[in-house]
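For reference, the structure is listed below as structure tokens.
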Amino acid sequence: MSRKRLPERADRCEEQIKSCYATWAATYFDQYYRSETAYPPVYQTIVRDLLVAAGVRRLLDAGCGPASLLRTLADLDIDLHGFDVTPEMVTEARRVMTELGRPAEHVWEGSVLDPGAYGSAAAEPYDAAICIGVLPHVQPDDDTVVLARLREAVRPGGLVIVEARNQLFGLFTLNRYSRDFFLSELIRPQTLAGADPTALRAALEELDQRFRTDLPPVRGGREREPGYDEVLSRTHNPLVLREQMGAAGLGDVRLLFYHYHALPPMLERHMPEVFRAQSLALEDPEDWRGHFMASAFILVGERTP
């Protein structure tokens, strides 16, 4: 696949992402999907059910990682394709898919911002394109670019499924994400015209005292690479992203939530077994409480003609 030169800011961001994920390739799936301590990958069932219900026969996974989702779909009668920006992830994905009897060449290296990475969609469009775990690492101005690329990759009526971290969850967590959401999205101190700087600073310092700004701990990397919280790892407002999907030419957009939390995460330590059991009991993609109690969400829409 030929790679189009990306803007310098995007190129820099992607180099950091590659550094973050490069050494995870062989262990990523076991760490996040097979570990007994990891929360079950609820999204996999949601995506699988969407694909089966739509009768998808040809699928593209944009940002497939080590085939985290593709490997779980290998038992279905679907022609599976995927690409990822991290070379080590592509190598691992090819290994996994080959072991499952799927063509290694159906996985390749590419950026979600590069139209050339999506293959020959014009000649043979996909029935569905999915993008899981990628939007947190995309800069705000590029969200609409990715949505447009995904739309272009599927046939009219085809599905586009994207996943993101839920920014509104910050209204429930009472931690540094809450503080950041209050400041950047609700209060926006820079817009408080006429405020005395000293008084404003005192007010914001008092606001900080209402949150556990030391939580959650910043996730660092290994010896030489940055960690997840040390590279671009954004959250998204599901209401805003839903509007962007509509503007990108995707209709009948549905909002589905997953990874619920029965209590704010900092309180899990008081009753971990109950917390986990009740969080799983809450898992309902269409429960309105997901706007605040679920840390992630999926949007699914159909390409309009």
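One table, with the values for the structure above:
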| read-out | value |
| --- | --- |
| Selected from S68, S35, S111 as most flexible by GNM, with the chain as the system and alpha-carbon contacts under 10 Å | S35 |
| Two-site FRET efficiency, L207 against R34, from Cβ-Cβ distance with R₀ of 51 Å, rounded to 0.05 | 0.80 |
| Proximal charge balance of A93 [Cβ under 15 Å; K/R count +1, D/E count -1] | -3 |
| Charged-residue dipole, Cβ positions (Lys, Arg, Asp, Glu), region 69-108 about Cα centre, Debye nearest 20 | 60 debye |
| Cβ-Cβ FRET estimate between E105 and Q139, R0 fixed at 45 Å, reported to 0.05 | 0.90 |
| Rel. contact order, % - alpha carbon contacts under 8 angstrom, at least six apart, the chain | 19 percent |
| Two-site label geometry, R48 and L171: point separation in nm, points 7 Å out along Cα→Cβ | 3.3 nm |
| Net dipole in debye of region 228-305 [+1 Lys, Arg Cβ; -1 Asp, Glu Cβ; about Cα centre; nearest 20] | 100 debye |
| For the chain, built as a Gaussian network whose Cα springs stay under 10 Å, the top-fluctuating residue of P189, P140, P264 | P189 |
| Cα centre as origin, Lys/Arg/Asp/Glu Cβ charges: the chain dipole, Debye | 160 debye |
| Length released on extending from D11 to L76, taking residue separation times 0.36 nm less the Cα-Cα span | 19.9 nm |
| Spin-label zone in region 47-77 - amide nitrogen under 13 Å from a point set 7 Å from the Cα of T23 along the C-beta vector | none |
| Over the chain - Rg/Rh using Cα atoms and the Kirkwood inverse-distance radius | 0.98 |
| Separation in nanometres of the label points that stand 7 Å from Cα toward Cβ, at D214 and D229 | 1.2 nm |
| Summed residue charge, Cβ within 11 Å of G249's Cβ, Lys/Arg positive, Asp/Glu negative | 0 |
| Of Q31, A203, V56, farthest towards positive along the dipole that unit charges on Lys, Arg, Asp, Glu beta carbons give the chain | A203 |
| Within a Gaussian network of the chain (alpha carbon springs, distance under 10 Å), most fluctuating of G65, G101, G220 | G101 |
| Degrees, to the nearest 10: 87-99 long Cα axis against longest axis of the chain | 50 degrees |
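Read the figures in this text as sums done on the coordinates, not as results from a lab. Keep in mind it's a predicted model, so treat the numbers as computed, not measured. Note: ideal-geometry Cβ built from the backbone for every residue, glycine included; neighbour counts use all protein chains shown.
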